1. Regarding the stretch 246-253, can at least one residue be identified that is under 29 Å from Asp91 (Cβ atoms), among the charged types (D, E, K, R) and outside any helix (DSSP H, G or I)?
2. Considering only residues that are β-branched (Val, Ile, Thr) and open to solvent by 10 Å² or more (accessible area, probe 1.4 Å), look in the stretch 9-30 and name the one that is nearest to Leu316 (Cα to Cα).
3. Can you pull out the helices (runs of 4 or more DSSP H) entirely within the stretch 46-127 that have at least 1 residues that are more than 29 Å from His389 (Cα to Cα)?
4. Could you grab me the full set of residues in the stretch 353-394 that are open to solvent by 30 Å² or more (accessible area, probe 1.4 Å) and of a type in the set (D, E, K, R)?
5. Among Asp68, Asp123, which is the only one that is open to solvent by 10 Å² or more (accessible area, probe 1.4 Å) and out of contact with any strand residue (DSSP E or B) (no Cβ under 8 Å at 6 or more places or on another chain)?
6. Could you figure out which of (1) among the acidic types (Asp, Glu); (2) within 21 Å of the chain's Cα centre (by Cα); (3) in a loop (DSSP other than H, G, I, E, B) isn't true of Glu21?
7. Inside the stretch 276-352, counting only helices (runs of 4 or more DSSP H) that do not spill past its ends, which hold 1 or more residues that are among the acidic types (Asp, Glu), open to solvent by 50 Å² or more (accessible area, probe 1.4 Å) and modelled with pLDDT of 95 or more?
Amino acid sequence: MSELNVCGIICEYNPFHIGHEYQLAEAKKQTSADYMIVVMSGNFVQRGEPAVFDKWARAEMALKCGADMVLELPSVYALSSAEYFAAGAVDILNKTGVVTHISFGSESFEGEEGAIRLQKIADETINGPCVDKESLEKGCSFASASRNSAITMPNDILATEYLRALRRLGAEMKVVPVKRIGSGHTGEKSAMFIRKLLCEGEVNRATELMPQEAAEIIQREIDMGKGPVFLNEFDKIILADLRRLGTDGLKNSPFVSEGLEYKIYKAACENGTVEGVIRECTSKRYTSSRIRRIILSSSLGIARENLCKKVPYIRLLGMRRDCGALMEKLKSCARVPVITSKAKFIKQTDSYDGDLAKEFLKIENNAADLYSLAFSGANSRLGATEMTHPLVFV
């Protein structure tokens, strides 16, 4: 089989907007890629929130707007800090055995020179950012206490985590940072701003900031009662989970330390909304994102030890129909099983990390079942659909 140029991108597409379309096109141009593979968070994302639309709809958006194949980032990593988020996603790209380049958006770095500068910064802190212990002692969060003065912007920080993960794995991918366009991480063309518009019911204004193909998918999902989805729609379910788990159940959740389980449990008993719990537990030491990730991880059954595991499979969410050569090469080069049918895989799994794979896939079942309960249509709130949901083909 002839050599393929394959570029990998790590994303959430929450939701997919014009800046994402630009990044895909620019990365493909700069790498001369034959194919673009994206590793995308599932139904819950790194901020500790549900994605505004489910992973199948977002995978379809990506495929119609420039991606050739979409792989799932397991919830164990998607609902995690930048370090573990990056480590899981890079591990997947590496284990495909086909990805030759990795590209990502950056506020401050671009091109070959930018890649070299980023790599130098990452290498100088290969075991993670330098932590100012004095700031920690004063009550600052770990994130605030570990900021490198050369790296302060969100995508740049995540980029250094990707590069550290690449170095630790010994992965040989060419690094291609793409300079972000638009108004920045929280500006009026960002995913965050689009989510705000959707939350306020300003669907038309939101879709104006998206490629037409993505806007049409969003409107279809809304018409079907399948979004937009926000954290407050899970209030009763999550509060019930937190109260049921108690302190013993909460203390094994990722990122719980220093008796934080007692504070979360007390807040869950004294508040009638998840937002109230988050507000009560947030401090200089513990960011709201960390509290949200703990809460959702607890509800989904993600344990602390899961974070230390390597990705046991590659799960396909969707692909373009004209990517037969890419799929053929993936199947022959992948270093772990490639899942195209979840139900079939679970029945047949008896090899590489089979028990761990089943554990991770059970968490994805939990995520899908919880997520569907936010849909407005009764027929859309069915459970156990994760096992049989078809791949997305465009």
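1. The first filter runs over the stretch 246-253 and keeps only residues under 29 Å from Asp91 (Cβ atoms), leaving 249-253.
With among the charged types (D, E, K, R) added as a condition, the list becomes 251.
Then drop every residue that is not outside any helix (DSSP H, G or I), which leaves 251.
Yes, the conditions are met somewhere in the stretch 246-253.
2. Of all residues in the stretch 9-30, those β-branched (Val, Ile, Thr) come to 9-10, 18.
Checking the rest, the ones that are also open to solvent by 10 Å² or more (accessible area, probe 1.4 Å) come to 10, 18.
Values: Ile10: 14, Ile18: 24 Å.
Across the stretch 9-30, the extreme among qualifying residues is Ile10.
3. Details: elements: 55-64, 75-78, 82-96, 111-124.
Hits in the stretch 46-127: 82-96, 111-124.
4. Residues of the stretch 353-394 that are open to solvent by 30 Å² or more (accessible area, probe 1.4 Å), as a first pass: 353, 355, 358-359, 362, 365-366, 369, 373, 376, 378-385, 387-391, 393-394.
Asp353, Asp355, Lys358, Glu359, Lys362, Asp369, Arg381, listed by residue number.
5. On the way: Asp68 fails: out of contact with any strand residue (DSSP E or B) (no Cβ under 8 Å at 6 or more places or on another chain).
Just a single option satisfies the conditions, and that option is Asp123.
6. If we test Glu21 against (1) among the acidic types (Asp, Glu); (2) within 21 Å of the chain's Cα centre (by Cα); (3) in a loop (DSSP other than H, G, I, E, B), just (3) comes out false.
7. Values: elements: 288-300, 324-333, 342-348.
Those helices (runs of 4 or more DSSP H) span 324-333.
Conditions (1) more than 26 Å from Ser289 (Cα to Cα); (2) at pLDDT 95 or above; (3) in contact with a helix residue (DSSP H, G or I) (Cβ under 6 Å, 6 or more places away or on another chain), marked per residue:
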| site | (1), (2), (3) |
| --- | --- |
| Glu3 | yes, no, no |
| Cys11 | no, yes, no |
| Ala27 | yes, yes, no |
| Ile37 | yes, yes, no |
| Glu49 | no, yes, yes |
| Ala59 | no, yes, no |
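The values are calculated or read from the model by the stated rules, or taken from the named source; none is laboratory data. Every value quoted in this text rests on a predicted model; they were computed, and no experiment measured them. Note that we place each Cβ from the backbone using ideal geometry, even for glycine, and neighbour counts take in every protein chain shown. For accessibility, only protein heavy atoms count, side chains too; no ligands or nucleic acids. Shrake-Rupley method; radii C 1.70, N 1.55, O 1.52, S 1.80 Å.
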